[in-house]
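The values are calculated or read from the model by the stated rules, or taken from the named source; none is laboratory data. What you see is a predicted model; the values in this text were computed from it and never measured. Neighbour counts are summed over all protein chains in view; Cβ atoms, including those assigned to glycine, are modelled from backbone coordinates with ideal geometry.
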Amino acid sequence: MSHDPVKHGTRLISEVIWEANSTWGLLSVRVGNVDVWNGLEWDLVDLLSHLAHHWTWLVWRDGLPDGSPEQVDKWVRARECEHGDEFSNQLWEFVVAHDLGGAFDGALVTPLWLLRRGALFEVTHDGGRSYHPVVELLNDLGALGDAIAERVRLHREDCEDVLSRWENRHAVSGDAIELATGRSEAWLRESGVEPTQILREARGKPWTSAPLAFARMVGGVLDASSLKLVFEALARRPKGGPSRRLQSLTRDAESLLEPGDLPYEQGYRLGRWLRRIWDIDGRADPESVLSQLGVDVLELDLRTNALDGLASWTKGLRPVVLWNESSVRPRRATLAHELAHLLVDRRQALPVGEVLGGVVVEYVEQRANAFAAEFLIPREDALLTARLEGWNARRVVERLRNTHDVSVTMTAHQLLNATTERSGWSQSDRAWLESLVNRADDVEKHTGTRFLGSELELDLEPDS
Ligand SMILES: [Zn+2]
């Protein structure tokens, strides 16, 4: 798992110095304050052709492919595919479509990866990774393509097909649904939605479509009939939208997000802040906060414990959190996690909702998990209790569970996060706390079930 600072940008700026009467030119591309390509000399028909061929992928594809996302992310980060990596055709297509550097076939060009994640574009290059509003980035790419197309019309007569492909780039091809959701049209139909209608409603902006986003986020873990139950529950919501109170709280919360901070630092800050302005001492009650913000909490049995719940805030309907009755994560931890998204992710990373345990941008999940931990059991309280209980780990955990009503795993996490090697724990007490966290990680690894914040059956008595 990676921990990048959270960097947001707005523009991808490109500039071409053209050779006289030619489609050759010197291309420079800048992302944020990083020069990704500086005076790259090439026949830019190749770039236009690349953009025209892969436009549907860039717009419709949401996130890394299923199956081996970590492997693909490794390629993207290493900016190359190692010789000998096994590619299926679909993975190859993915890699080719999303690296703009691949347009310059034969040239040694540093890669520039563009991948839509919800309503953001994840942009990865030599200088790091940043996130950009999808509309702005597509406009910038469109402007670059248009500038090249104009040049091609003036100086080339052999590029009719490239030009026509570029002009028709917005035509939605047959695989759009599959790119956007990772599922087939037939599968989507089984979940109760009609693909042609969805395509029509999405109007070329797949990130605005709740059915597409949820079908994508459940990541193949939920079968179509369970997703159908979700859609039916979501459709029964009363009309409305985010309450004024939620909107104003979102504005304040967003202003607390320091750019360049790590996701967990942002999450901790938000968690502390919300406790302070809500005047919470000891046990926090995320359900009551949600209710005061006009967010309903409903229960639904998703018939799997692979997903903990989901939240939806589609336009025109009252926001809702659905808690999965089969989930192993405590209800309070799930609700606190969703509260984080409701506060800071509605406008960008998660435009229609989110699925906890599903396919969601990593930094957003790290931030929401840190928020939930700090909101339910602040590190400050953990440290204070450790001192009060004379650094006796079992007594500390027992007491914190009573005062803050959270799981053993989350308590151990926060105790370790609040203290250092030099804190007052004996070696064996520290090892015991680590074992509580590791035990959860182990279960997670071996069963594929996520246990962060969940309750394990643990013997709290000292080892004899
Ligand atoms: Zn989440």
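In table form, for the structure just shown:
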| quantity | calculated |
| --- | --- |
| Residue match in the range 70-80 (condition: modelled with pLDDT of 80 or more, of a type outside the set (Gly, Ala, Ser) and not in a helix (DSSP H, G or I)) | no |
| Residue under evaluation residue 258, criteria (1) part of a helix (DSSP H, G or I); (2) exposed (fewer than 15 other Cβ atoms within 10 Å of the Cβ), criterion not met | (1) |
| Any hit, the range 319-333, residues being more than 16 Å from the ligand (Cβ to nearest atom), out of contact with any Cys (no Cβ under 8 Å at 6 or more places or on another chain) and of a type in the set (S, T, N, Q) | yes |
| Test result for residue 332, more than 21 Å from residue 219 (Cβ to Cβ) and at pLDDT below 90 | no |
| From the options 308, 296, residue that is under 24 Å from residue 241 (Cα atoms) and within 15 Å of the ligand (Cβ to nearest atom) | 308 |
| Residue 253, sole failed condition from (1) under 17 Å from residue 312 (Cα atoms); (2) out of contact with any Lys or Arg (no Cβ under 9 Å at 6 or more places or on another chain) | (1) |
| Out of 311, 306, sole residue that is crowded, with 24+ Cβ neighbours inside 10 Å, of a type outside the set (Lys, Arg) and either in the same structural domain as residue 287 (by TED's automatic domain parsing) or within 13 Å of the chain's Cα centre (by Cα) (or both) | 311 |
| Subset of the range 132-142 (residues that are part of a strand (DSSP E or B) and buried (at least 22 other Cβ atoms within 10 Å of the Cβ)) | 132 |
| Count of residues meeting criterion [away from the ligand (no atom under 11 Å from the Cβ) and not aromatic (Phe, Trp, Tyr)] in the range 365-377 | 5 |
| Residue within the range 378-387 that is surrounded by fewer than 22 Cβ atoms within 10 Å (Cβ to Cβ), of a type in the set (A, V, I, L, M, F, W, C) and away from the ligand (no atom under 11 Å from the Cβ) present | yes |
| Residue count for the range 205-241, restricted to those that are under 21 Å from the mean Cα position of the chain (by Cα) and either outside any helix (DSSP H, G or I) or charged (D, E, K, R) (or both) | 8 |
| Residue list for the range 39-51, filter: over 27 Å from the mean Cα position of the chain (by Cα) and in a helix (DSSP H, G or I) | 45, 46, 47, 48, 49 |
| Flag if residue 318 is touching a Phe, Trp or Tyr at 6+ places or on another chain (Cβ under 9 Å), surrounded by fewer than 23 Cβ atoms within 10 Å (Cβ to Cβ) and not aromatic (Phe, Trp, Tyr) | no |
| Residue that is nearest to the ligand (Cβ to nearest atom), among those in the range 347-364 that are assigned to a helix (DSSP H, G or I) and buried (at least 22 other Cβ atoms within 10 Å of the Cβ) | 364 |
| Inter-residue pairs, beta-carbon under 8 Å, first closer than 16 Å to residue 115 by Cα and in the range 359-370, second near the ligand (Cβ under 8 Å from one of its atoms) and assigned to a helix (DSSP H, G or I), 6+ apart | 364/341 |
| Sole residue being among the polar types (S, T, N, Q) and buried (at least 16 other Cβ atoms within 10 Å of the Cβ), chosen from 181, 196 | 181 |
| Residues located in the range 334-346, provided they are within 11 Å of the ligand (Cβ to nearest atom) and touching a strand residue (DSSP E or B) at 6+ places or on another chain (Cβ under 9 Å) | 334, 337, 338, 339, 341, 342, 345 |
| Any hit, the range 332-343, residues being aliphatic (A, V, I, L, M), assigned by TED's automatic domain parsing to the domain that holds residue 302 and outside any helix (DSSP H, G or I) | no |
| Residue in the range 262-272 that is touching a Leu at 6+ places or on another chain (Cβ under 9 Å), closer than 15 Å to residue 321 by Cβ and touching a residue at least 24 places away in the same chain (Cβ under 8 Å) present | no |
